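Have a look at the structure below before the remarks.
The values are calculated or read from the model by the stated rules, or taken from the named source; none is laboratory data. Quick caveat, the model's predicted, so the values are computed rather than measured. We place every Cβ from the backbone using ideal geometry, glycine too, and count neighbours over all the protein chains shown.
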Amino acid sequence: MKREWKQFIETLPGGVRFELRDRFHRQFPAYADIPLPAVFRVHAAEVLSSLLSAEQINGATTIEALQAMIAAALRVDRQSA
């Protein structure tokens, strides 16, 4: 993992984790048809809600844009929780 990305991850609220595609599909088989990469919130009983879609993530043209997108999605999620 690149240092810049690792530092960004460390600034995010607790409970953030990243899964490789194969591990994600093993842990969440009901979501195997969801295009990845994506950002989800995990609820009780391993139910996921999407915070950022693959289309949104792939639209980020810089690492800074991706970081801003993730931070904004997490802020909105925290406010609605």
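Of note:
- If only residues of the stretch 45-62 that are closer than 22 Å to G15 by Cβ and of a type in the set (A, V, I, L, M) are counted, the one that is surrounded by the fewest Cβ atoms within 10 Å (Cβ to Cβ) is A45.
- Residues in the stretch 47-80 that are assigned to a loop (DSSP other than H, G, I, E, B) and either more than 22 Å from Y31 (Cα to Cα) or within 11 Å of the chain's Cα centre (by Cα) (or both): S53, A60, T61, T62.
- The residue of the stretch 1-46 that is modelled with the highest pLDDT, among those that are among the β-branched types (V, I, T) and either under 12 Å from the mean Cα position of the chain (by Cα) or on the phi > 0 side of the Ramachandran plot (or both), is V39.
- Just one of the listed residues (F8, F24) is part of a helix (DSSP H, G or I), surrounded by 14 or more Cβ atoms within 10 Å (Cβ to Cβ) and touching a residue at least 24 places away in the same chain (Cβ under 8 Å), and it is F8.
- Filtering the stretch 64-80 for residues that are touching a residue at least 12 places away in the same chain (Cβ under 8 Å), of a type in the set (G, A, S) and under 21 Å from R23 (Cα atoms) leaves an empty set.
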